[in-house]
Structure formats: C-alpha cells, structure tokens
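What follows is a short report on a single structure.
Read-outs throughout are calculated quantities, based only on the coordinates presented, and are distinct from any laboratory measurement. For clarity, every value in this text was computed on a predicted model and none was experimentally measured. Reconstructed Cβ throughout: ideal geometry from the backbone, glycine too, with neighbour counts over all protein chains shown.
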Amino acid sequence: MTILAAQIGALAQTTALPDPGALADGEARFVIEQFALTANNVTYAVHGEDFAYWKFFPAPEDHGIVPVWGFGRAVETRSDAVAVGSRWFGYWPMGSQAVLSPQQVSAFGFTDGAAHRAALPYFYNRYSPASAAWGDDALQCLFRPLYATSFLIDCLMATRPLDTLLLSSASSKTALGVAQAALGRQTVVGLTSPANREFCLATGYYDQVYSYEDLGGIPGDAIGFIDFSGHGGVRHNVHSLLAGRLTESHIVGDTHWQAPNTAQLPGPVPQLFFAPTVAQDRVAQWGAAGYDARLSAAWAGFAATLGWLTVSRVMGADAVAAAWARLVNGEINPADGIVASL
Ligand SMILES: NC(=O)c1ccc[n+]([C@@H]2O[C@H](COP(=O)([O-])OP(=O)(O)OC[C@H]3O[C@@H](n4cnc5c(N)ncnc54)[C@H](OP(=O)(O)O)[C@@H]3O)[C@@H](O)[C@H]2O)c1
C-alpha cells in the first residue's frame, strides 16, 4: 500500500510514501479503487505551488502528492458521516489510501473538513456518490471533471459574438469535449502536435485541424482562442498571426508545461479560465438541479461519440509510476484513457 509523491523540480520521478496511520475522531479511511491519469494531473503538479494544488494532500519537503479524480471506498471510520463500504467520487491522492474528515453530509455527498483544506476551493473538497448518468467507473474517472470544464467553456463561448473557435492541444480530452459541443454553431479549428493531427481529424469534432508548425490558413473574422497548451511560442504565434481577427483569448491549460509563456502578446489580453469558479457562477444562475440537467444532457451527447477512446488499465505502484512519468514527458497516445489503481 502506497502513496506516490512527485519530486518537485523533477516531476516525472516519484517516491513511495507509506499510507496514513491510525484514524483520529471524525476521520474515515478510504481505499482508492481507481483514478484517471491525464494531462490535467500534470497541470496540478506544475502549478502545485502557485495554484496551491500541493496543499490538498501535504507531502514531505521537496515532494508533492498529485491529486487525481476517481473512486474511494470507506473501509474504516470514526465518523458518523460515512458508512463502511460506501463509495465516493472525488479528489484523491495518487495512492492506494486516503484519510478524510467527512462533514456537511447530504444526499449529494460530503465535504472533507480537514483543517489544511479549509481555504481551498469547495469544488475540490466535495465527494459525491457514483452517478449512473456519467457511465461506467472508467468514464467517470476520465471525464466527470474534464467534461464539466468542456461544458462550461462551451456555455461561455455560445454567448460570444464569434464565428470561429480555435482550440490548442486539440487532442486533449477537455478540448475534444468543447469541439464536439461547439461544432455546427461556430467553425471549430484545432491546433495540435503534428503527430496528433490525424487523430483530431478522425474524431470528426473539428472543421479544420492545423499543426503548431503551420498556422497559415486559420479562417474567421471574429476568432476566440482557447489555449489548453500553455505553450508560449504557440500563444505568441496565434496572437501575432491572427492580429485584428482574434477578438478574445482564454487560458485554460498547460499541457506543454515545459514551454511556458513569457513574451508580451499582441491582441486581446488572455483571460484565465478556472472551472470551479465558473461552475459556481452557473450553479448560482441555474440552480444546482438546472446545472446538473444541462451538464448531463451535454455529456450524453458527447458520451455517444466516444468510439475513439481506448480505456487503458494500469495496476500497481511501479506501473502507475511509469505511466505518470510518460504523461509528464508527453508520451501518451491521445486515444488512450489511463485508469490507474495501486
Ligand atoms: N482551467 C481549468 O479549470 C481546467 C479544467 C480541466 C482541464 N484543464 C486543462 O486542460 C488541459 C488538458 O487536460 P486533459 O486532462 O484533457 O488532457 P489529456 O486528454 O491528457 O491531453 C493529452 C494531450 O495534451 C498534450 N500533452 C500532454 N502532455 C504533454 C506534454 N508533456 N508535452 C506536450 N504536450 C502534451 C498533447 O496534445 P497536443 O499534441 O494536441 O498539444 C496530448 O495529446 C490540461 O492542461 C488541464 O489542466 C483546465
């Protein structure tokens, strides 16, 4: 039984830490049954300090425990809030066990009330029951948080006076969800690595797909750029080449985390998109039930098109550490959905 901690400064390297010890009053122990590994988890690690992702599961100095999305099952409890045997979807350490302090229990789940998480975004502190609406466990691990982000971006873009959406890291699951939802409403153009261009085209979600090295023919007079790549060079080229036609620019991700943005950009000032904040605004606008109904309907439409996805199971600490290292180094096939278990 193990928790994997990434080495800060050399994220592909992991150290095995022991599982948490005896429970205190109010705590419950969960076995982490399975979780997804995607570029989103790498972004959590890259922004472990500045976006506080290291604070969810404190680690020894010079290490960070990477948060992952998946299922945990209560196996021991000194809390009345959760029953032994109950299963929960949420934010876990990349490991085999976690100890939480379940509080604010309702039919919709509970909150981890641990003191070190009190100032962290509510969205990440909630644990929910499994939901049949999201499909099987693997699909929930892979897409429940990512597709919620796709949906929120699409809702925002639907209100904008844009004729074209331009998505970088077009092969990422979050970008694919946006593309599928927006196709037909606006011209949807993908930007991707040369090796992933055919994959993006084959999904059928994009009107056009360009490689990062060839941005020449991007169409549109009112273009919204949604940057999942965080690649400074790509961002600069897009802003320079589309000058006058680029009307808005949004920063969503950091998949190309080794090429950060440093340059001054011409054109619109990029806006940071942070899904938990936007989700709270939508829940305030539509109510929780209205938000869930809209998200479920959009997800059902996307889920029906996932013929391109291959779920790839990774079991055991060594195999998970190796998969994590490949992910950090960008050596993952975009058609693979990695579902891991220690
Ligand atoms: N702001 C928010 O609230 C929010 C919410 C959810 C997700 N996100 C972000 O959206 C991005 C996509 O996440 P995802 O989980 O959907 O990704 P994913 O499906 O795992 O994306 C895989 C793709 O990302 C690119 N990539 C991955 N690792 C790379 C590396 N080391 N070097 C270069 N390129 C790499 C490649 O795309 P290309 O070849 O096409 O570039 C690859 O095909 C992440 O940065 C994530 O943090 C942000």
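Things to note:
- Amide H within-cut-off set for residue 97, under 5 Å, with H built and near neighbours excluded: 2, 32
- Relative to the dominant Cα principal axis of the chain, helix 173-182 is inclined by about 50°.
- Degrees separating the helix 232-241 axis from the principal Cα axis of the chain, which is the longest one: 30 degrees
- Inter-centroid distance (Cα atoms) of region 239-260 relative to region 176-218, Å: 15 Å
- Relative contact order of the chain, defined on C-alpha pairs under 8 angstrom at six or more residues apart (%): 17 percent
- Annotation: the antiparallel percentage among DSSP beta bridges lying fully within the chain is about 60.
- Relative to the dominant Cα principal axis of the chain, helix 317-328 is inclined by about 20°.
- Karplus-based coupling profile of region 120-130, in residue order and whole Hz: 8, x, 3, 3, 7, 8, 8, 10, 10, x, 4, with θ = phi - 60° in 6.51 cos²θ - 1.76 cosθ + 1.60 and x standing for Gly or Pro.
- The radius of gyration of the Cα set in region 100-236, together with its Dmax, comes out at 18.1, 54 angstrom.
- Loop-located trypsin sites (Lys or Arg not before Pro) in region 129-223, at most 14 other Cβ atoms within 10 Å (DSSP): 185
- Largest-first principal axis extents of the Cα set of the chain (Å): 61, 43, 36
- Taking packing as the residue-averaged number of other Cβ atoms within 10 angstrom, the listed peptides 159-170, 3-14 run from highest to lowest as 159-170, 3-14.
- Checking every one of the GluC sites (Glu not before Pro) in region 190-249 against DSSP loop status and a limit of 14 other Cβ atoms within 10 Å picks out 213.
- Note on region 20-113: percent of Cα-Cα distances in each 10 Å bin, starting at 0 and stopping at the bin with the largest distance, equals 17, 46, 31, 6.
- Amide N of region 1-34 lying under 18 Å from the label point, which is placed 7 angstrom from the Cα of residue 195 along Cα→Cβ: 12
- Top of 312, 171, 106 by mean-square fluctuation, Gaussian network on the chain, Cα under 10 Å: 106
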